[in-house]
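Working notes, structure below.
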Amino acid sequence: MMATMDNEAGIVWHPRASTHVRRLIAEVGQRSGEFPVALANHLPMVLEAITRLGASPERLSEYAAHYIAAHAVPFPPPAIAPLSEANWRGYLGHRERETDLRDFFTQRVSELGGSETIARYMPELAAGVAASATHGLMRLAYAVLRRDEAEIGIALGYWAATYLAFPAVPKRVPDVTEPAELVLGMVGQPSFANVTVTSTLLWKWIEAMGEIPAFQQRLGRLVPAADVLTKVRSASLVLYAGTMSFEALHAVTGSHWLRLVSPHVVDAPALVVHFWEVVLSLYPKIGMPPLPDAQWLAEQRQLPTPPDSVIGAAAVASNDEHDHSLVFSALEEFRFTGDPLYRVLAARRMGLID
């Protein structure tokens, strides 16, 4: 069998990896969407990512075994009772009902198909995109990428079980067209200067930010225009370039996930706005730094980088799921936008350039 070459990225898929990864994801996908304590299980997604970055079947199996053992990834809790169209909404955010919610959405996918199920239920799930610190979105995006109907059902159930929305705020007319404006408008506000959250969980920080009245005033202000994802993508890239932070990494990867999911969402701009509000909530966590200026960004874009195959190989060799996630999303977004800054940041993440 011939290896598969992704000509634009210059990355060679291992000839047996595509078939192997489907079997492996079907197996590991039966485990819970989170591992103790309430941390996102990246394994089904990053197995797909490193496959597309050139991992061999042997590396895929090795990494899956390592991940499950290192994180003690459990199976979902026992089923409690079947859910129906009439009552599933009452269990949003109930992690103990993960199996029941998986079963509900898996059944809906079998009846409607994956795309139609996403379209039908996303209006109710979108506000809770902070689910498992946005990893419900990640799992759904990779399921869509792989055209994996079983994973679509599991992902929607995971999203529902870990659903996290900001408190409802009075209806307001959106008045901000640039995502970065909302970010920079937080600088200097005392309410955001010394936020304290006892938990180290990212979604607990997001949850706590949602309780701050000054933050609630920023909700619902970004205009859900047709180009809002383009603007969020650009702002996320700049935020990560200027900070290289764990939080901003999720803004870059999340923009990629939104691009994959959006064609199946009736009101995609609304989902993007909810996602950006999650990013906004994380800005104080990284110290509310200034964003880099246009000249610095232009200089960064001129930096030489290794070939994509070298960047991809470095990610494949890593045991850090965030290396896999960032490098794959960055190279995919580079191919989509043509912006060389994505390559620079992927190479920097992997220590290949300063």
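The values are calculated or read from the model by the stated rules, or taken from the named source; none is laboratory data. This one's a predicted model, so the numbers in the text were calculated from it and none came from an experiment. Cβ coordinates were reconstructed from backbone atoms using ideal geometry, including for glycine residues, and neighbour counts include every protein chain displayed. For accessibility, only protein heavy atoms count, side chains too; no ligands or nucleic acids. Shrake-Rupley method; radii C 1.70, N 1.55, O 1.52, S 1.80 Å.
The table that follows gives values for the structure above.
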read-out: Computed over the range 89-244: relative contact order in percent, which uses C-alpha pairs under 8 Å that are six or more apart; value: 26 percent
read-out: Solvent-accessible area, 1.4 Å probe, carbon plus sulfur percent, for the chain; value: 57 percent
read-out: Rel. contact order, % - alpha carbon contacts under 8 angstrom, at least six apart, the range 293-354; value: 40 percent
read-out: Three-way shape label, the range 237-312, alpha-carbon gyration tensor, a/c 1.5; value: oblate
read-out: Inter-centroid distance (Cα atoms) of the range 24-102 relative to the range 107-155, Å; value: 14 Å
read-out: 3J(HN,Hα) from dihedral phi, the range 175-188, Karplus parametrisation 6.51/-1.76/1.60, rounded to Hz, x for glycine, proline; value: 9, 10, 9, 10, x, 5, 4, 5, 5, 5, x, 7, 4, x
read-out: Per residue accessible area of the chain, 1.4 Å probe, in Å²; value: 41 Å²
read-out: For Ile11, distant residues with modelled amide H under 5 Å away; value: Asp6
read-out: Relative contact order [Cα under 8 Å, 6+ residues apart], the chain, whole percent; value: 18 percent
read-out: From phi via Karplus (6.51, -1.76, 1.60), per-residue ³J(HN,Hα) for the range 293-308 in Hz, x at Gly/Pro; value: 8, 5, 5, 4, 4, 5, 5, 4, 5, 8, 5, x, 10, x, x, 4
read-out: Accessible area (Å², 1.4 Å probe, nearest 10) - Asp267; value: 90 Å²
read-out: Loop-located GluC sites (Glu not before Pro) in the range 7-112, at most 12 other Cβ atoms within 10 Å (DSSP); value: Glu8, Glu85
read-out: Phi-based couplings in Hz for the range 234-248 (Karplus 6.51, -1.76, 1.60; Gly and Pro marked x); value: 5, 5, 5, 4, 5, 4, 6, 4, x, 10, 6, 8, 4, 5, 5
read-out: Between the range 302-354 and the range 236-265, the alpha-carbon center distance in angstrom; value: 14 Å
read-out: 20 Å Cα-Cα reach of Lys204 towards lysines, excluding residues that sit fewer than 8 places from it in its own chain; value: Lys285
